[in-house]
2 protein chains.
Amino acid sequence: MSLTNSSPLEVAKAASISSRSLAILPTNARNDALTAIHHALQKSKDTILAANAKDLELATKAAEEGELSHSVLKRLDLGRKGKWEDMLQGILDVRDLGDPVNKTTLRTRLDDGLELERVTCPIGVLLIIFEARPEVIANIASLAIKSGNAAILKGGKETTLSFQAISTTISNALTNTLVPNTSVQLLTTRDVVASLLGLDKYVDLVIPRGSNELVRYIKDNTRIPVLGHADGLCSIYIHRDADKSMAVKILVDAKLGYPAACNAVETLLVDEAALSTILPEVASVLLEKGVSLRCDAASKAALSSSLTKSQATILQDATEEDYMTEFLAPILAIKTIPTPPDASPCTSCSLAIAHINAHSSKHTDAILTSSKEIAEQFQSSVDSACVFWNTSTRMADGMRFGFGTEVGISTNKIHARGPVGLEGLMIYKYRINGTGQVTGEYGEGGKQWKHERLLLQD
Amino acid sequence: MSLTNSSPLEVAKAASISSRSLAILPTNARNDALTAIHHALQKSKDTILAANAKDLELATKAAEEGELSHSVLKRLDLGRKGKWEDMLQGILDVRDLGDPVNKTTLRTRLDDGLELERVTCPIGVLLIIFEARPEVIANIASLAIKSGNAAILKGGKETTLSFQAISTTISNALTNTLVPNTSVQLLTTRDVVASLLGLDKYVDLVIPRGSNELVRYIKDNTRIPVLGHADGLCSIYIHRDADKSMAVKILVDAKLGYPAACNAVETLLVDEAALSTILPEVASVLLEKGVSLRCDAASKAALSSSLTKSQATILQDATEEDYMTEFLAPILAIKTIPTPPDASPCTSCSLAIAHINAHSSKHTDAILTSSKEIAEQFQSSVDSACVFWNTSTRMADGMRFGFGTEVGISTNKIHARGPVGLEGLMIYKYRINGTGQVTGEYGEGGKQWKHERLLLQD
């Protein structure tokens, strides 16, 4: 890894060239580099934590002066219990994942002595832009090296000193490995990013991790494909036959587990037939835990008559805007899904689906129901990356999915969707091994294609 | 299919809504619609061919006045031998492909009663813009319906009457099927395209099929992902140990099989050690067949001393520009790959690879060699969608690959690369079926994730 002050074009070209060498390194060369990084970081712990302490000192001052939020401050601290160890363990975890490179995913005999293969390969050059969180740099560097992709990194300015200390350590560690030093480059100035976004000849994919303003800015300013999500507007639909205590438990987790997370629930849809049976207990527990509830008329009326007076008075009125807002805070918008004239549960579910497809950010949506058919209807019809039945929206996470780690969560409709692990950093190429065949020999009156699917050797 | 004069927003919204219904139709409903389209077209053959004849008449006039190229004219004619039958057969071929929708590609037990599944689903709404070729409309409509995607189509103005006749027929046929009529919409005016490119909320993927000007215009004017290729700058590298007669046969096919195709070869790289052994015969045959050869100094010198005088005099000098030009004509740029001081074949191959990675359009590149090691070096290091050994670049084609048909060829680095069949029109969603689990229960001191890979039922 190099800490670079080079011009954007030099950075991008260097990344592009080193990506070609990195892409063909054998598995153990990439794994050995991760081991080397792990050991070097372990050795430099004191230096890095000292740098981090300085970052923290400056940030604390900024927070006191109201220039930085306390939640950012909290994420800065590498010295917090378990954080350093988690960062180091993360590197080994990535190393120990299966190698995603050079896997054959299709084999076809086109003709005798003419074989087609589809083989996975790295995408090329990734530009990864993230905010705060000093440990992310080690995580991303590991993922890039493991997947054979060159990476250009830009972190938040609040973590400058920590990043510099970490990247110097990683850079020194890489010197004794086969991984080219410029395959991971750290940008030190922000203005370079704008220029890099124009270099689509060299940069293959941009991955922003941060606020939705950051993601939107990037999407609006580049022709390079962007992987990620701007909003995480997740909803949960409580169907009339949902289990009440399950609903309470799931809503508490989804809303309060980490309200600032993109997979936290923001909108609660309630089947009209569940307004007086399930909603009161859910609402009462959430209110007790400090959640502001923004209700439509029907749900407010139902709750007003069933909650205690003191709870009923703090209910708020929802506006249309609330159903399109990612609160990232202990606020929940509640909307009633009317029971249709035919009272069919399937029609109610359709109305919930329609609301979600029109309002959600296609990130994660969940249904609570005891009916398999209703769940199936919901999961097949909701057009979101993650569609869950009887569990919390916060399950949408690469670690929880068993991917080892994640690059981020994508709401894109192509390439990779939902939590993105190593697989999302891969593409493929088609190889044909022939023995002199040409296309003109095939077709009418000529040779015939065999198109025989061959087994994959795994 | 509807022939639409609606506003771009209405078109896009209608597509988005119908895409949700289409996405959940069972396999046989989508297949039945293709059968219905096939039968309807068969019945309307006379009407459609009459409309096509009128298009042809107008186009012939335009060609005579020099306003239209003869190659476009040739592609317009649906009455040409076999074309109508191929178009109809294509619909049945697509129908008979395996259903790409709703295939489970990953199953993981996260915990008891908590199962993660990754299931394929359609992308959503495709905007497909193509030039001339009236049969493409039937082909694309079939692919869209089979893959469960809604499609908005815009064809070239030279085929307006043919398109209208075909789409009216398809529209009537769909009326008696479960496929919503607005899931395939034909745009009749060009100016609508610009507005649609701005509707990234409703349109998920743009697929341009046509000139590189068209593709570039689209890439420059939308935030919607674009699938396709602007250039097809393909090269062939002749290594010193290549088989001479194989080289002649492959170059003739790759250059002359269809010079206007994107998979035709444009640059020939020749190992210095093959300049006097293999190149002369290749050059002689190509010259005989009317190919203009643009040579660098070394190849020109070698050929001048080995070709007949009359052939040698028509050799042209290559400029740097020629190695970055997609001629789409019987012209071939020739460049010598110097034998390095160490004379290592592997170093020569590296130089050829470096030229290709710097100049090619990442579409298709081929090596001719009798060495498996050299071929492996080339195929793993060249960063192109298709990397071939001892066969023609023209093999890069969905039909030849056994995909049944293709949406186009992609030089993108993400999602789908190379010839794109039905699989390239799919994405996936993650489903979790739980029994009330929440994330807060897992982790330190709590429950542990099982992360057990489950077998796919296929």
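Descriptive notes on the structure:
- Shortest first, A:His39 label-point distances to identical copies amount to 7.3 nm, with the label point at 7 Å from Cα along Cα→Cβ.
- Hydrodynamic radius of segment A:234-400 per Kirkwood, over alpha carbon pairs, in Å: 15.4 Å
- The residue in chain A that lies nearest, by its beta carbon, to the axis linking chain A with chain B is given here with the distance in whole angstrom as A:His415, 2.
- Rounded to the nearest whole Hz, the Karplus-based 3J(HN,Hα) values (6.51 cos²θ - 1.76 cosθ + 1.60, θ = phi - 60°) of segment A:291-297 follow the sequence 7, 7, 9, 9, 10, 7, 4, with x at glycine and proline.
- Under the Karplus curve 6.51 cos²θ - 1.76 cosθ + 1.60, θ = phi - 60°, whole-Hz ³J(HN,Hα) for segment B:45-57, x wherever Gly or Pro sits: 3, 4, 4, 5, 5, 5, 4, 4, 4, 5, 4, 5, 4
- Inter-copy spacing of B:Ser21 label points, which lie 7 Å from Cα along Cα→Cβ, given in nm from shortest upward: 5.8
- For B:Ile367, the residues whose amide H sits under 5 Å from its own are B:Tyr237, B:Phe388, B:Trp389, B:Asn390, B:Thr391, ignoring neighbours fewer than 5 places away on the same chain, with H placed 1.01 Å from N.
- In Å, descending, principal axis extents of the Cα set of segment A:1-124: 73, 34, 26
- Across segment A:92-102, rounded Karplus estimates of 3J(HN,Hα) from the backbone phi angles (6.51 cos²θ - 1.76 cosθ + 1.60, θ = phi - 60°) give 5, 4, 5, 4, 7, 5, x, 6, x, 8, 6 Hz, Gly and Pro being marked x.
- With one equal scatterer per alpha carbon and no solvent term, the Debye-computed log10 I(q)/I(0) for segment A:369-458 at 0.10, 0.21, 0.24 1/Å reads -0.54, -1.09, -1.23.
- Rg over Rh for chain A works out to 1.04, using Cα positions for both radii and the Kirkwood form for Rh.
- Computed P(r) (all Cα pairs; segment A:187-253; 10 Å bins; percent): 17, 34, 15, 15, 14, 4
- Over every Cα atom in segment A:1-71, the radius of gyration and the widest Cα-Cα span, Dmax, amount to 18.2, 51 Å.
- Dipole of the protein assembly as shown [Lys/Arg +1, Asp/Glu -1 at C-beta], most positive-end residue of A:Ala151, A:Leu269, B:Phe378: B:Phe378
- Protein accessible surface hidden between A and B, which excludes ligands and nucleic acids, total in Å², probe 1.4 Å: 6200 Å²
- Estimated translational D of segment A:224-325 in µm²/s (Stokes, Kirkwood radius over Cα pairs; 20 °C; 1.002 mPa s): 150 µm²/s
- Ascending list, in nanometres, of distances separating the B:Arg80 label from those of the other copies (7 Å, Cα toward Cβ): 6.6
- Surface composition of chain B: carbon and sulfur make up 52 percent of the accessible area, probe 1.4 Å.
- Cα Rg, Dmax, the protein assembly as shown, angstrom units: 29.6, 105
- When only the Cβ of Lys, Arg, Asp and Glu is charged (+1, +1, -1, -1), the dipole of chain A relative to its Cα centre reaches about 960 debye.
- Percent of Cα pairs exceeding the 17 Å cut-off, where the set is segment A:118-239: 59 percent
- Distance cut-off 28 Å, percentage of C-alpha pairs in segment A:2-220 lying past it: 32 percent
The values are calculated or read from the model by the stated rules, or taken from the named source; none is laboratory data. Computed from a prediction, not measured in an experiment: that's the story for all the values here. Positions of Cβ are generated from backbone atoms using ideal geometry, with glycine treated the same way; all protein chains shown enter the neighbour counts. Keep in mind that these areas ignore ligands, DNA and RNA; they rest on the heavy atoms of the full protein, side chains included. Shrake-Rupley method; radii C 1.70, N 1.55, O 1.52, S 1.80 Å.
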